[in-house]
Each structure stands twice: as structure tokens, then as C-alpha cells.
1. Sort 24-37, 273-286 by packing, meaning the average of other beta carbons within 10 Å per residue, with the highest value first.
2. At 1.4 Å probe size, with no ligands or nucleic acids counted, give the accessible surface of Val424 in Å², nearest ten.
3. Along the stretch 417-423, what does the Karplus equation 6.51 cos²θ - 1.76 cosθ + 1.60 (θ = phi - 60°) give for ³J(HN,Hα), rounded to whole Hz, x for Gly and Pro?
4. May I ask you to give the solvent-accessible area per residue for the chain, in square angstrom, as obtained with a 1.4 angstrom probe?
5. Just to confirm my understanding: which cysteines in the chain have no other cysteine beta carbon less than 4.7 Å from their beta carbon?
6. Pick from His48, His138, His263: which residue has the top mean-square fluctuation in a GNM of the chain where Cα pairs under 10 Å get a spring?
7. Given the whole protein assembly as supplied and a 1.4 Å probe, what does the accessible area of Phe336 come to in Å², nearest 10?
8. Compute, for the stretch 381-438, the length of the dipole vector about the Cα centre, with Cβ point charges of +1 (Lys, Arg) and -1 (Asp, Glu) only. Units Debye, rounded to 20.
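The values are calculated or read from the model by the stated rules, or taken from the named source; none is laboratory data. Since the model is a prediction, treat every value here as computed from it, not as a measurement. Positions of Cβ are backbone-derived with ideal geometry, glycine not excepted, and every protein chain shown enters the neighbour counts. Remember, those area values only see protein heavy atoms, side chains included, never the ligands or the DNA or RNA. Shrake-Rupley method; radii C 1.70, N 1.55, O 1.52, S 1.80 Å.
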Amino acid sequence: MKKAFVRSYGCQMNAYDAARMADVLGQQGYAATDSVEEADVVVLNTCHIREKAAEKVYSELGRLRVLKGERRLAGLDTRIVVAGCVAQAEGAEMLARAPAVDVVVGPQSYHRLPQLLDASRAKRVVDTEFPIEDKFDHLPARRNKGVSAFLTVQEGCDKFCAFCVVPYTRGAEVSRSVAAVVAEAEKLAEAGVRELTLIGQNVNAYHGAGPAGVAATLPDLMRAVAGIPGLARIRYTTSHPNDMGDDLIAAHAEIPALMPYLHLPVQSGSDRVLGAMNRKHTGDQYRRLIERIRTARPDIALSSDFIVGFPGETDAEFEETMRLVAEIGFQSAFSFKYSPRPGTPAAERADAVPEGVKSERLAALQARLDAQRHAYQRAAAGRVAEVLVEKPGRRPGQVTGKTPHMLAVQFDAPASTIGSLVPVRIVEAGANSLFGEMLPQVAAA
Ligand code: 5AD
Ligand code: SF4
């Protein structure tokens with residue numbers, strides 16, 4: 001049987017796309033493999049967000065070139081596909097710089113993978129179009145769904161933050177229709193999925209076609225999905241503060257399946273830096289927004305993204321970020337050193353912050369964020385939470401799952417609990433996960 005190796009980098013949307021590419025290849029008779037050496041098709045689903053992303057892909061392709069040569073000597077063909085945002089950004093340049101590559105395909109065209117692979121046997125191909133047709137209409141049924149699944153409901157971004165490549169690589173905001181999302185969600189639920197994370201680069205700007213042709217908002221979509229039998233939990237990511245409408249805030253109080261967790265990137269605590277980033281909100285606007293969200297859902301756990309060392313950021317401005325972090329009390333967060341992305345406005349700036357300063361700021365920020373995360377976990381000890389059991393745990397006899405607030409918990413329980421919601425007392429907080437004990441299920445009164 002032919003085999004396909006698919007590796008994904010970066011965001012959850014890329015993970016979703018990679019899984020769908022594996023589905024497309026599966027339909028073509030390729031079995032999934034974790035071993036690149038035995039793969040007849042290798043797909044690198046690349047991410048352009050991280051530093052030197054393109055360079056890292058090129059060096060990976062250098063290694064694959066050697067592997068491809070070895071396999072050829074053994075009489076085996078290897079097709080090398082570069083997909084994702086680096087593929088979109090580099091396009092034909094990739095064929096010139098990486099001789100091993102057979103197919104370059106952007107995030108909007110990967111449903112055409114079978115045709116592109118066929119065509120590549122005659123001539124190397126690039127497809128970085130934003131086609132009129134909807135790729136979702138051309139993808140086969142999903143496999144390997146598990147208990148918790150992602151579902152892409154929106155793609156692209158119109159925000160144009162000064163540091164970010166997404167509006168260029170993923171294009172303008174597009175939302176799938178409520179009917180399309182519900183149909184995919186129903187299939188997932190039938191296959192045993194209990195938790196669905198609705199994903200999009202700017203998911204809270206969702207505005208898909210609803211019933212009767214009226215545009216639906218994210219809360220409308222969540223209500224439609226929440227009614228699907230079997231689905232117990234809904235999450236969504238990632239959001240922009242300016243798209244947190246009143247109805248979405250209210251949804252956190254009103255939709256029981258919507259979990260009390262919100263990833264809401266703020267990037268910086270300094271109004272001058274936020275302005276330079278083209279974020280179109282201030283630190284105080286973010287604070288007030290969080291207050292309103294906490295009024296609707298007092299126990300909500302918050303997460304965020306931060307960039308330190310944006311061009312021109314002073315020590316005092318960085319301290320404003322530290323202050324905001326202390327005030328909000330994030331449960332978890334991602335933080336990055338700014339690094340320029342070619343083609344973005346910030347990359348043109350001449351006032352770069354020295355690398356050493358960026359590193360110091362990142363270390364200070366991460367130390368504070370880590371301390372907050374640990375404090376949050378310690379505070380969970382002793383409490384009882386409803387855990388959705390997702391998979392076997394690290395040790396035999398253990399399973400692992402997540403609380404509504406996204407804390408991972410390991411505990412002793414039979415594998416037959418996978419897929420159910422069980423009450424667990426958190427006993428102890430480890431470095432990265434919590435340990436708990438399952439309580440007897442109390443029959444509903
Ligand atoms: N430099 C550093 N971090 C970046 N991000 C996006 N672009 C850059 C960049 N040029 C971060 C932002 C965003 C997250 C997904 O990646 O914090 O929210
Ligand atoms: Fe990038 Fe800003 Fe859009 Fe997020 S909101 S994807 S950071 S441009």
C-alpha cells in the first residue's frame with residue numbers, strides 16, 4: 001500500500017488542514033505513516049508565523065532531498081509537497097530554491113492534491129490560487145476524529161496587524177455557511193466527537209450564511225451546533241478583541257455547552273505600541289472588555305498572545321505589558337519575540353529592538369506568565385471538575401482529559417471512559433498537568 005507522511009507546523013487551522021490533506025490522500029489509497037523514510041508522498045504543511053519560517057522549511061527540504069535520492073536508488077518514487085502559508089508566500093520561488101519539491105500548494109487549493117500529484121509526474125507544479133470554488137465542498141469525509149475535534153468555520157483576516165502575514169497568506173475573511181458547518185459537525189458527533197473547537201484566524205468575525213440567507217453570527221452558529229446530539233462542549237479560537245460583540249459576550253452566559261475559556265490575543269499593554277501594531281484598540285479598552293466578559297461568565301479562564309520587542313518598544317512600554325498581565329491574570333498565554341515578516345508594514349521599520357533586549361523582555365514576561373499559570377493550577381487542587389476523557393494517559397491504567405477551563409488532568413480510570421464526561425477531584429498540580437482521582441458518578445436526580 002502507498003504511504004503518506006504529513007507533518008504540520010503552526011496553528012490549529014494548519015493542524016485541521018493537515019488532517020484534511022491526509023483525508024484527501026487516504027481517499028486516493030494512501031495509508032498514513034509516521035515514518036518519513038517509508039513515505040511515497042511527503043507533505044510539509046508549513047507555517048509562516050514563526051521566525052525564519054521559510055529558512056527552516058528550506059533546510060527541511062534539503063534533508064528530504066537526500067532521502068528522496070536514497071529512495072530513488074532503491075527504485076522508489078517520492079513526491080514532495082509543500083503546503084500551507086510558506087508555500088503560499090514563496091510560490092514558484094520554492095521550485096527554484098528547492099529541487100526536491102514536486103508540488104507547491106496554498107491553503108485554499110489543497111483539495112486539488114490528487115490532480116496536482118498526477119500533474120507533477122510530468123512537470124513540477126505550483127497552485128497558490130484563491131479559487132472561486134470552495135475547497136470544503138471538494139474534501140472527502142473526515143477520518144481519525146477522536147473525542148475533541150477542530151472544525152474550520154472561517155478563514156483569512158482583514159485586520160492587517162502591522163506585524164502579521166496572515167492577511168497576505170490566507171487572504172480576506174471568508175466564513176462557511178451554518179449549514180456546511182452543522183453538516184460537518186453532525187458527522188463528527190456521529191463518529192463520537194464530544195467536543196468541538198470552531199476555528200478561524202479571526203473566528204469571532206464569523207458571518208456565514210444562515211438559514212433563509214440571513215447572515216449568522218458566531219453565537220448563532222454555536223447555538224446551531226450546540227443542538228447536535230452527542231456534542232457536549234464547544235470552544236472557539238482565535239479572536240480579535242474588536243470583534244467581541246455583546247451577543248458573543250452574552251453567549252458565554254447563555255450557552256451551557258460553550259466552555260468558560262477564551263483565547264483573546266492582546267499583543268501588548270502599551271497604547272503607543274498597540275497603535276503602531278495597527279491593533280485598533282487600547283490597553284484600557286481590552287481591560288474593559290475583559291470586565292464585561294467576566295461579568296457574563298465570572299469563572300472564565302483567559303489566554304492571550306503577546307509580542308515583545310516590536311520596533312520602537314521602550315522599556316517603559318514593555319513594563320505596561322507586564323502591568324496588564326498582572327492585572328488580568330491570564331490562565332495561559334503564548335508569547336513571542338517580534339521578528340519581521342517580509343511584506344508586512346512593520347518589516348520596513350528601521351527602529352528594531354536589539355535581540356538581547358528582546359530576549360530579556362521575553363524571559364521576564366514568560367516568567368510572570370508561568371507563575372500565573374502555576375498559581376492557577378495550584379488553585380485548582382482540591383476542586384472537583386467535570387473532565388472530558390480524551391485518550392489513554394502516560395501510564396498504563398491512566399487516562400487523560402480536560403476540565404472546562406482547559407486544564408489537562410491525568411487520573412486512573414479504565415479506557416472505557418474515553419469519550420465520557422466524568423467527575424474528577426484534582427489532587428495535585430504537576431509541572432504541565434494535573435493529577436486527579438475519578439469520583440463515583442452521581443446519577444442525575
Ligand atoms: N513576530 C512575532 N510574533 C508574531 N505573531 C504574529 N506575527 C508575528 C511576528 N511577526 C504572533 C502574534 C499572533 C500569534 C499567532 O503569533 O502574537 O497572535
Ligand atoms: Fe494577524 Fe492581526 Fe489578523 Fe490576528 S488579527 S491574523 S494577528 S492580522
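1. My ranking of the peptides, most packed first, is 273-286, 24-37.
2. 0 Å²
3. After applying 6.51 cos²θ - 1.76 cosθ + 1.60, I find 7, 4, x, 10, 9, 10, x Hz.
4. In whole numbers, the chain has 43 Å² accessible per residue.
5. So far as the 4.7 Å Cβ criterion goes, Cys11, Cys47, Cys85, Cys157 stand without a partner in the chain.
6. So, out of His48, His138, His263, the one fluctuating most is His138.
7. 50 Å²
8. Around 100 debye, computed over the stretch 381-438.
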